[in-house]
Amino acid sequence: MKYAEILHRCFRCGYCKLPGNYIDFNCPAYAAFRFETYSPGGRMWLLRAWLDEKIKPSPRFQEILFSCTACGNCVEQCALAKIKDELLLAFTAGKEALAVEGRVPPPVRDCLTKLQKYGNPYGLAGKKRADWAVGTGVETFSDQEFLFFPGDVGAFDSRGQEIARSVTILLQRLGVSFGILGTREVSDGNEANAMGESDLFCLLAEKNIRQFHKLHVKKIITLSPHGFNALKNDYPTLGGSYKVFHYTQVLAKHTGSLSFEKNLPEETVTYHDPCYLGRHNGEYGSARKVLTALPGVKILEMDRSLQNALCCGGGGGNLFTDILGNGPESTAQNRVTEALGTDAHILAVSCPSCAVMLEDAVKSTNLDGRIQVREISEIVNNRLN
């Protein structure tokens, strides 16, 4: 197994479970199950015991490894500078070693099978991938400046489709030149990679890269931070190097050209940092810059924000496998409760996966009337002249 040499170096200090301000547990799996084996340090010791043939890869062992959402909190907080950057790589290598042996939890197997067969984790026909854009005036990419990449959630999930339409409407209003691949797009592969299926990731990525090259794509705007991460950091290793932007970065550059209503009621907003935009890629400012530019919008930060933000629980494929579940100790419900504690009425998101996870948590906790999950472009569009 790759990175096996770092497994023995963990001395179980426990910092990996916490945010930098130590106010609560920040590892989604540990927070949900409260067993040490679900913590990053616990996984390190389990992997070591497995490689030393002291334990067998039981279904529970598999569940523990695949419960990791790849949020990156452990990388941010690990006290050992020499190994911290390799923590997630080691966990992913462990998943890959299990996958090679066919030892994965059934929900993971089903998700990976759909990705391989259909090019998306929903198991829907690829010909439906562009249905979200019907009636928006969004054109197929030819020679526009940007390719807009909605990703799986934006293309197939009903809430994700709403967000994709909202973002493209705003980009059109800003005069941004863009088009989409439509039915030629497949999954960006980020979740396959996070679940240890590097071969499947390469298969999906190479399909997209062939289309990008054929169309001479140079610049890409992604809807999802997950897609942003894959296209920006992983595609170059396969020969696909582009200028990749998350849509909030584009909005932040153009917001000054918009005209806003000045007599709307004040809105209090708290912003949820998505893991693949924040900890994985160091992008914390663009969404806040957009919100700050809106007249009548007041931003209230949660105790866990920026690099200390609590994950929504949807990463690492968990949006589709639901290994963490959505119970009272789930990270999504904890995040909604934390947002409510700021006295904000709106929980702003810039990731369609986060929107799905957190909206489900609001509904399951019967907080619909007290806080609303809204995506950045929706907030902007609602305040335009």
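The values are calculated or read from the model by the stated rules, or taken from the named source; none is laboratory data. Just so you know, these numbers come straight off a predicted model, no measurement behind them. A quick note on method: Cβ atoms are made from the backbone with ideal geometry, for glycine too, and the neighbour counts reach across all protein chains shown.
Things worth noting here:
- A Cβ distance below 6 Å, combined with a sequence gap of six or more or placement on separate chains, defines the contacts here; from segment 66-91, residues that are over 23 Å from residue 353 (Cα atoms) reach residues that are of a type outside the set (A, V, I, L, M, F, W, C) and assigned to a loop (DSSP other than H, G, I, E, B) in the pairs 86/3; 90/3.
- Of all residues in segment 352-370 being in contact (Cβ under 8 Å) with a residue 40 or more places away in the chain, in contact with a helix residue (DSSP H, G or I) (Cβ under 7 Å, 6 or more places away or on another chain) and not aliphatic (A, V, I, L, M), the one that is nearest to residue 338 (Cα to Cα): 359
- When residues in segment 8-30 are screened for being at pLDDT 90 or above, in a helix (DSSP H, G or I) and surrounded by fewer than 22 Cβ atoms within 10 Å (Cβ to Cβ), 1 of them pass.
- Options 137, 189, 239: the member that is of a type in the set (Gly, Ala, Ser) and within 16 Å of the chain's Cα centre (by Cα): 189
- Just one of the listed residues (286, 241) is within 30 Å of residue 18 (Cβ to Cβ), hydroxyl-bearing (Ser, Thr, Tyr) and either buried (at least 20 other Cβ atoms within 10 Å of the Cβ) or in contact with a Phe, Trp or Tyr (Cβ under 8 Å, 6 or more places away or on another chain) (or both), and it is 286.
Rundown of residues vs (1) in a helix (DSSP H, G or I); (2) touching a Lys or Arg at 6+ places or on another chain (Cβ under 8 Å); (3) of a type in the set (Val, Ile, Thr), yes/no style:
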{"site": "99", "(1), (2), (3)": "yes, no, no"}
{"site": "107", "(1), (2), (3)": "yes, no, no"}
{"site": "117", "(1), (2), (3)": "yes, no, no"}
{"site": "122", "(1), (2), (3)": "no, yes, no"}
{"site": "165", "(1), (2), (3)": "yes, no, no"}
{"site": "171", "(1), (2), (3)": "yes, no, no"}
{"site": "175", "(1), (2), (3)": "no, no, no"}
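- Exclusive hit being under 16 Å from residue 355 (Cβ atoms), in contact (Cβ under 8 Å) with a residue 40 or more places away in the chain and surrounded by fewer than 24 Cβ atoms within 10 Å (Cβ to Cβ), set 270, 248: 270
- Qualifying residue in segment 195-209 (condition: in contact (Cβ under 8 Å) with a residue 60 or more places away in the chain and among the acidic types (Asp, Glu)): yes
- Residues in segment 309-329 that are surrounded by fewer than 24 Cβ atoms within 10 Å (Cβ to Cβ) and more than 19 Å from residue 152 (Cβ to Cβ): 325, 326, 327, 328, 329.
- Residue in segment 198-210 that is within 19 Å of residue 349 (Cβ to Cβ) and part of a helix (DSSP H, G or I) present: no
- A Cβ distance below 7 Å, combined with a sequence gap of six or more or placement on separate chains, defines the contacts here; from segment 151-169, residues that are in the same structural domain as residue 189 (by TED's automatic domain parsing) and over 12 Å from residue 351 (Cα atoms) reach no residue that is crowded, with 24+ Cβ neighbours inside 10 Å and at pLDDT below 95.
- Complete set of residues in segment 32-43 that are surrounded by 22 or more Cβ atoms within 10 Å (Cβ to Cβ) and touching a Gly at 6+ places or on another chain (Cβ under 9 Å): 32, 39, 41, 43
- Restricting segment 31-79 to residues that are assigned to a loop (DSSP other than H, G, I, E, B) and among the hydrophobic types (A, V, I, L, M, F, W, C), the residue that is nearest to residue 308 (Cα to Cα): 71
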